[in-house]
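Data first, discussion second: the structure below is written as structure tokens.
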Amino acid sequence: MWVWRGDHGILPRRVSDILMYNGLFGSAFSKVSVSETAMLVFVLTQTVSLFLTNNRLFTEVKESEHKLANEKEILEKPNRLKT
């Protein structure tokens with residue numbers, strides 16, 4: 001079921017398959033599978049969690065790079081005065 005399907009990726013394809021299978025856009029009286037819905041919720045929450053974690057890590061890396069650049073500049077000032 002988890003095969004590569006072109007440029008759209010696995011996640012949108014899987015979500016689309018679940019929604020079509022459950023008939024959420026069709027009949028209001030269709031049965032909704034609990035396991036499929038739970039899997040959909042799990043995938044969406046994991047995706048959001050991964051996105052937030054990556055944003056936090058990128059922010060930390062940028063801050064540390066900025067701090068190192070400032071330290072480097074401070075350490076270079078005495079060397080300039082020596083010459």
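Coordinate-derived values only; no laboratory data. Every value quoted in this text rests on a predicted model; they were computed, and no experiment measured them. Cβ sites come from the backbone with ideal geometry, for glycine too, and all protein chains shown count toward neighbours.
Quick notes
- With a cut-off of 14 Å between beta carbons, the residues surrounding Ala69 carry a summed charge of -1, where Lys and Arg count +1 and Asp and Glu -1.
- Net lengthening on full extension, Lys77/Leu44 (0.36 nm per residue, minus Cα-Cα): 6.9 nm
- Three-way shape label, the stretch 39-83, alpha-carbon gyration tensor, a/c 1.5: prolate
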